[in-house]
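The block underneath contains the structure these notes are about, expressed in structure tokens.
The values are calculated or read from the model by the stated rules, or taken from the named source; none is laboratory data. Computed from a prediction, not measured in an experiment: that's the story for all the values here. Methodologically, a virtual Cβ is constructed for each residue, glycine included, from the backbone with ideal geometry; neighbour enumeration extends over all protein chains shown. We work out accessible area using only protein heavy atoms, side chains counted, and drop any ligands, DNA or RNA first. Shrake-Rupley method; radii C 1.70, N 1.55, O 1.52, S 1.80 Å.
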Amino acid sequence: MKKIWLFALLLISAMSDAQQWRWDSLITATDPYKLEKNLQDEVLAFEYKATVVKKFDANGKFLWAKNINGNICNLTCDAAGNIFMTGIFTGSMTEGNQTFNGRGDDDIFLLKMDQAGNVQWLKQVASKGKDRAGDVAVAGSTIYLTGGTPDSTWFSQTLVAKESYLDMFIASYDANGDPVNIKFAVQDQPSVYNGSIGQEIKISPVGGIMLMASVVGNTKWDATTISGGLSYDLIKLDNSFSLQWYEEASNGMGTGAGELCVGPTGISYFLASLAAHYVEQGFIKSISADGSQVQTLFTENMGFIYGLDLDAAGNIFFTGMRDRDVNNTPEEFFLKTGKISPAGILAWMVQDSSTHPRAGLSIVVLQNGNCFINGTFHDRITLKDTLYGSAQSNSYFLALLDENAATSTHELQSSANDLALIPNPSHGKFFALLPGNETESRICVHDVNGKCIYDTIVKEKTMFLDLGNQAKGVFLVEVICGNKMITKKIIVE
């Protein structure tokens, strides 16, 4: 569906040349951390498929750390701040006074902790094979779990018989952790080479359950065949787990999708990526509550977006990395973080200017608009007033970005017939808001001598340009939309 572009006065925030960090810290890790938040504006950080979860307050103050006797894959919180997590364990797992012995290679656990990290109960999902933990969600007193198992499966004391193929499941539990409803997908053409796994689960505020699943081959939910091939699919279920609709999330773009979020009106947002033949692209996409309208809200043409979160108003916050060099030289990756409106209008974006590789990996936005970001860096990085150095190939940081300090607001008149360059003057990095309703535009940048230094075809309405490698001065930005050409000056200071 085509984007709706406003003809009225827009409030656009200029890009900052350096992040305005309020707080930062290095974290010890061998793999990236994932971040989750609760309604108390506290942040939980955990290393994917590792055993430690850490809690911080809204200002970055460390509150506590807990060791789990299993490998954490995902977690969430209820309205009271209780923590629900899922992951895998091998052999046996003990938490509190509960111990489970494994039934297969890897078993799934479901664990409830209170706000202070004290264990409330522990549950097991297990087949005789290698089980895959996915995600957990909470709505009221009901807990939802998704993942995948390759054989008949025990949900606590309930055995669900199934064929010996990897199939995704969804299960609901009551407040005591007892299973209430369980449902599996079924392979359409059974094969040990095919399968499906529930990767992420979110509860829609307008009713129903959203699943992000990885599907190889075809799988059936109820009587509907979900075409996979090798893809990620968005699946909408009602509260009894009946299929409402599904949509291929990767949508032919190949290499991945994830970070499912659901906004206040039931619109789902997710990330998609393409990496093939030296092309790297990251996309923020949305799909309407009824599954009928899919939009691409933001495109990163030279990099990936790894983290995604929403505020209460449905504004979208993202973090990832960008490649400064069109040749995709790994040493040129740099950190970027931004905010866009639900309609896809860029509000602000910050990024570093170092040539040392770094990337934002996970993000959560608090109720005051500030963002916690987890990321990785190589060699060195400057956050707040501290220069961090590391001899490791990958080191990790956790930082708090102040939205108010990161942005400065400019008003501009933007219409369907106008070209806007933001900010102008700039330090070489700016955005072009392209005019018209054309599906494709050409953008060229010329120096004062008329030499073309940049020439490309774009299909989005917002384009990021970096003239940081050019000498300071005046440049002409020329945009051709259909049979119309608009030229504006940009000053690089």
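Entry remark, region 210-225: residues being surrounded by fewer than 23 Cβ atoms within 10 Å (Cβ to Cβ) and part of a strand (DSSP E or B) number 6 in total.
Give the residue that is least open to solvent (accessible area, probe 1.4 Å), with candidates limited to residues of region 51-70 that are more than 13 Å from GLY117 (Cα to Cα) and polar (S, T, N, Q). The extreme case among them is THR51. Within region 360-382, the set of residues being within 25 Å of HIS427 (Cβ to Cβ), modelled with pLDDT of 80 or more and hydrophobic (A, V, I, L, M, F, W, C) comprises ILE363, CYS371, ILE373.
Cβ separations smaller than 7 Å between residues 6+ apart or across chains give the following pairs from region 32-56 residues that are touching a residue at least 60 places away in the same chain (Cβ under 8 Å) to residues that are open to solvent by 10 Å² or more (accessible area, probe 1.4 Å) and of a type in the set (Lys, Arg): VAL43/LYS37; ALA45/LYS54; VAL53/LYS66. Those residues that are modelled with pLDDT of 75 or more and either surrounded by fewer than 17 Cβ atoms within 10 Å (Cβ to Cβ) or in a strand (DSSP E or B) (or both), I need them from region 257-280; list them, please. Result: GLY258, GLU259, LEU260, CYS261, VAL262, PRO264, THR265, SER268, TYR269, PHE270, LEU271, ALA272.
Could you check how many residues of region 194-209 are under 23 Å from LEU75 (Cβ atoms) and either at pLDDT below 90 or assigned to a loop (DSSP other than H, G, I, E, B) (or both)?
Count: 3.
Among the residues making up region 71-94, those that are over 24 Å from the mean Cα position of the chain (by Cα) and buried (at least 19 other Cβ atoms within 10 Å of the Cβ) are PHE89, MET93. Checked against the criteria, LEU44 counts as in a strand (DSSP E or B) and under 20 Å from the mean Cα position of the chain (by Cα). Of the residues making up region 142-179, those that are among the β-branched types (Val, Ile, Thr) and surrounded by fewer than 24 Cβ atoms within 10 Å (Cβ to Cβ) are THR142, THR158, VAL160. Scanning region 437-458 for residues that are part of a loop (DSSP other than H, G, I, E, B) and either in contact with a strand residue (DSSP E or B) (Cβ under 8 Å, 6 or more places away or on another chain) or on the phi > 0 side of the Ramachandran plot (or both) gives GLU438, GLU440, ASP447, VAL448, GLY450. Among the residues making up region 141-193, those that are assigned to a loop (DSSP other than H, G, I, E, B), modelled with pLDDT of 95 or more and farther than 21 Å from ASP105 by Cβ are SER141, ASP174, ALA175, ASN176, GLY177, ASP178. Within the option set ASP455, ASP402, being at pLDDT 70 or above, of a type in the set (D, E, K, R) and closer than 30 Å to ASN38 by Cα holds for one residue only, ASP402. The residue of region 187-202 that is most open to solvent (accessible area, probe 1.4 Å), among those that are more than 19 Å from TYR232 (Cβ to Cβ) and not polar (S, T, N, Q), is VAL192.
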